[in-house]
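Q: So that we are looking at the same thing, I have put the structure below in structure tokens.
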Amino acid sequence: MQRALGQGFLVECVASITEAKSYLDTSVPDILISEVVVGPENGLDLCRYIRSVPALRSLPIILLTSLATLQDKVAGFRAGTDDYVVKPCEAYHLMARIRLLSRIKRLEQHVAMI
């Protein structure tokens, strides 16, 4: 991930959902990208956690995963992800999805200011 996106983005990596939650207690990234299955932990739980915290609620989330069934995708969206990208995927596809969510976030912030 860091190699694929590091040229165009500042990428911060953590090794677990627990580390991600700790990181989010002190920093809010522009976008969060998570795998669904992270060892014994679950990216869907991370999505639900983020959506339950008022300061994080508008954080765009991408689930990047090899889980590709319709049920997997629906579960991701129900948990609160904004986008669901199935691996393997090309880096340029992921970068396009990131730029799209960044643009949507900027538009939402602009509308909120009006």
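For every residue, the table says whether it meets (1) in contact with an Asp or Glu (Cβ under 7 Å, 6 or more places away or on another chain); (2) among the aromatic types (Phe, Trp, Tyr); (3) at positive phi.
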position: Pro29; (1), (2), (3): yes, no, no
position: Ser34; (1), (2), (3): no, no, no
position: Gly39; (1), (2), (3): no, no, yes
position: Asp45; (1), (2), (3): no, no, no
position: Arg51; (1), (2), (3): no, no, no
position: Thr81; (1), (2), (3): no, no, no
position: Ala91; (1), (2), (3): no, no, no
position: Ile104; (1), (2), (3): no, no, no
position: Ile114; (1), (2), (3): no, no, no
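Q: Would you tally the residues in the range 13-59 being of a type in the set (Val, Ile, Thr), in contact (Cβ under 8 Å) with a residue 24 or more places away in the chain and in contact with a strand residue (DSSP E or B) (Cβ under 8 Å, 6 or more places away or on another chain)?
A: Result for the range 13-59: 6.
Q: Shifting gears a bit: Give the range 84-105 a look and list any residue that's in contact (Cβ under 8 Å) with a residue 12 or more places away in the chain, under 18 Å from Glu35 (Cα atoms), part of a helix (DSSP H, G or I) and of a type outside the set (Val, Ile, Thr), or say none.
A: Ala91, Leu94, Met95, Arg97, Leu101 - these are the residues of the range 84-105 that are in contact (Cβ under 8 Å) with a residue 12 or more places away in the chain, under 18 Å from Glu35 (Cα atoms), part of a helix (DSSP H, G or I) and of a type outside the set (Val, Ile, Thr).
Q: Just the residues that are of a type outside the set (A, V, I, L, M) and either more than 11 Å from the chain's Cα centre (by Cα) or surrounded by fewer than 20 Cβ atoms within 10 Å (Cβ to Cβ) (or both), please, taken from the range 40-64.
A: Hits for the range 40-64 are Pro40, Glu41, Asn42, Asp45, Arg48, Tyr49, Arg51, Ser52, Pro54, Arg57, Ser58.
Q: Let me ask something else. Which of the residues spanning the range 78-97 are of a type outside the set (Lys, Arg) and under 21 Å from Tyr49 (Cα atoms)?
A: If the condition is that a residue be of a type outside the set (Lys, Arg) and under 21 Å from Tyr49 (Cα atoms), then Ala79, Gly80, Thr81, Asp82, Asp83, Tyr84, Val85 are the ones that fit.
Q: Could you figure out which of (1) part of a loop (DSSP other than H, G, I, E, B); (2) in contact with a His (Cβ under 9 Å, 6 or more places away or on another chain) isn't true of Ala68?
A: (2)
Q: On the given criteria, is Gly39 modelled with pLDDT of 95 or more and either within 24 Å of Leu5 (Cα to Cα) or not polar (S, T, N, Q) (or both)?
A: Spelling it out, it is not the case that Gly39 is modelled with pLDDT of 95 or more and either within 24 Å of Leu5 (Cα to Cα) or not polar (S, T, N, Q) (or both).
Q: Ok, one more. Among the residues of the range 78-97 satisfying the criterion of being modelled with pLDDT of 95 or more, within 20 Å of Pro29 (Cα to Cα) and not charged (D, E, K, R), which is surrounded by the most Cβ atoms within 10 Å (Cβ to Cβ)?
A: Thr81
The values are calculated or read from the model by the stated rules, or taken from the named source; none is laboratory data. Small disclaimer: the values here were computed from a predicted structure and weren't measured. Reconstructed Cβ throughout: ideal geometry from the backbone, glycine too, with neighbour counts over all protein chains shown.
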